[in-house]
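Working notes for the structure below.
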Amino acid sequence: MHSRNSSDVLVVGGGIIGLVTAWRAAQRGLRIALADPEPGGGAAQVAAGMLAAVTELHYGEETLLALNVASAERYPAFAAELEEASGRDIGYRACGTLAVALDSDDRAHLRELHALQRRSGLESEWLTGRECRRLEPMLAPGVRGGLRVDGDHQVDPRRLAAALVVACERAGVVFHRGWAERLSVVGDRAVGAVLADGTELAADQVVVAAGSLSGKLAGVPVRPVKGQVLRLTVPRAYAPFLSRTVRAVVRGSHIYLVPRENGELVVGATSEELGWDTTVTAGGVYELLRDAHELVPGITELPLTETRAGLRPGSPDNAPLLGPTEVPGLHLATGHFRNGVLLTPVTGDVMAELLVTGELPQEARPFTPRRFSAVRQEQSV
Ligand code: GLY
């Protein structure tokens, strides 16, 4: 007989990655439990929600690019299905992105990015400074050129998380509102987890999807990378302040401004290796506002409504850890670093397929967690 505390799959972590895994697997007929003190919380509460497969392309990350693009392509259908399942709007907006350069170094950097994008078969168009300002009149007069990427969109991560909670509830996912203190392993097999209050949860398979905390829980190489983010409000009289996401690299730091239809303007983000610290600092806010002001001087007129810091789950190669571990029954869906919101649809699909069939789909195989244990074993020989 099945009790509330036993399930086919226990998902540890109720951020967007844990929720999408739970939702997709429940849709496939599995009995799912999810443990998290606050489902729908986590890094999604801070993230800006850029779906930036093309503008966040980095050298050496071509394998990750394929997964990012696959997920971006799934977003329109994913958003429609999730909105239908939850009755909630997730703020998916096909607004495009403009990446601009403020000086000749930035422009050279963007030219390189443009060449890499073209070699990778991605669509982007080089614009002069004047053309950039024609698209976005609030840009600084000094903008020297930019890349127009009409395929990089946005979603509102807070709405996404809230919709996933409702979709999970409607699909029969059982929520346990507590933190999983440790995983239960019997013999060599993962069989569940024990919550902080002592509750024992049993499951045939366990997925650790606990964001930056996954490293602590499952002993995997995932670390917290702090990001400070600001939220401002564009008064109706100023709208449209920006019509698409605008981003730049200013003195080596990435800055982006993501305008929502409801008037929210998200400005991010710092990238700091400071362990578990989530303090919002004067220095972080200053740097973001200084760089945003260089890009869009009118920003100083807007009300500043929120400052917050979150923790990206960083992995050694900046790519996620998806799939089975060397412990039978224990799977990972974590380490999404800068791409958690973008990778939500494809992560749900591949994890559900794995949980139902035992096979990790082809597109996720390069991201097996075993790639790191293989390295460790080679090093120990
Ligand atoms: N992808 C944006 C960030 O991590 O800041």
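The values are calculated or read from the model by the stated rules, or taken from the named source; none is laboratory data. This structure is a prediction, so every number in the text was calculated from the model and none was measured. Methodologically, a virtual Cβ is constructed for each residue, glycine included, from the backbone with ideal geometry; neighbour enumeration extends over all protein chains shown. Heavy atoms of the whole protein, side chains included, go into the accessibility calculation; ligands, DNA and RNA do not. Shrake-Rupley method; radii C 1.70, N 1.55, O 1.52, S 1.80 Å.
Given the chain reduced to its alpha-carbon atoms as identical point scatterers, what log10 I(q)/I(0) does the Debye formula return at q = 0.08 Å⁻¹?
-0.41
I'd like the carbon and sulfur percentage of the solvent accessible area for the chain, probe radius 1.4 Å, heavy atoms only, ligands and nucleic acids excluded.
Answer for the chain is 50 percent, counting heavy atoms of protein chains only.
Do you know the relative contact order of the chain, to the nearest whole percent, from alpha carbon pairs under 8 angstrom that are 6+ apart?
After rounding, I find 23 percent.
Averaging over all projection directions, find the projected area of the Cα convex hull of the range 254-381 and quote it in nm² with one decimal place.
The directionally averaged projection comes out at 11.2 nm².
What trypsin sites (Lys or Arg not before Pro) in the range 187-249 are in a loop by DSSP, with at most 16 other Cβ atoms within 10 Å of the Cβ?
Nothing satisfies the criteria.
Per residue, how much space in cubic angstrom lies within the convex hull of the C-alpha atoms of the range 1-94?
Values: hull volume 13.2 nm³, N = 94.
Dividing the Cα hull volume of the range 1-94 by its residue count gives 141 Å³.
For the range 312-365, what does the accessible surface come to per residue with a 1.4 Å probe? Please give it in Å².
Working: 1470 Å² over 54 residues.
I get 27 Å² per residue for the range 312-365.
For the range 175-282, which chymotrypsin sites (Phe, Trp or Tyr not before Pro) pass both filters: DSSP loop (anything but H, G, I, E, B) and at most 16 other C-beta atoms within 10 Å?
When the chymotrypsin sites (Phe, Trp or Tyr not before Pro) of the range 175-282 are filtered for loop state and at most 16 Cβ neighbours within 10 Å, TRP276 remain.
So what's the net charge close to SER124: Lys and Arg +1, Asp and Glu -1, counting the other residues with Cβ under 15 Å from its Cβ?
Every neighbour counted, the sum reads 0.
Once both labels are modelled 7 Å past Cα along the beta-carbon direction, what's the ASP150-ASP188 spacing in nm?
In this crude label model, ASP150 to ASP188 measures out at 5.5 nm.
Given the options ALA52, ALA108, LEU67, identify the residue whose Cα lies farthest towards the positive end of the charge dipole of the chain (+1 on Cβ of Lys, Arg; -1 on Cβ of Asp, Glu).
It is ALA108, whose Cα lies furthest towards the positive end.
Which helices, counted as full DSSP H runs in the chain, have an axial Cα extent of no less than 18 Å and a Kyte-Doolittle average of -0.5 or above?
Numbers: long enough: 62-86 (34 Å, 0.16); 104-119 (22 Å, -1.51); 157-170 (20 Å, 0.51); 282-295 (20 Å, -0.08); 344-357 (20 Å, 0.91).
Within the chain the helices that satisfy the rule are 62-86, 157-170, 282-295, 344-357.
Rank-order 265-274, 196-205, 116-125 by packing density, defined as the average count of other C-beta atoms within 10 Å over each peptide's residues, highest first. Working shown, then result.
Working: 265-274: 20.1, 196-205: 16.4, 116-125: 14.0.
Descending packing order for the listed peptides: 265-274, 196-205, 116-125.
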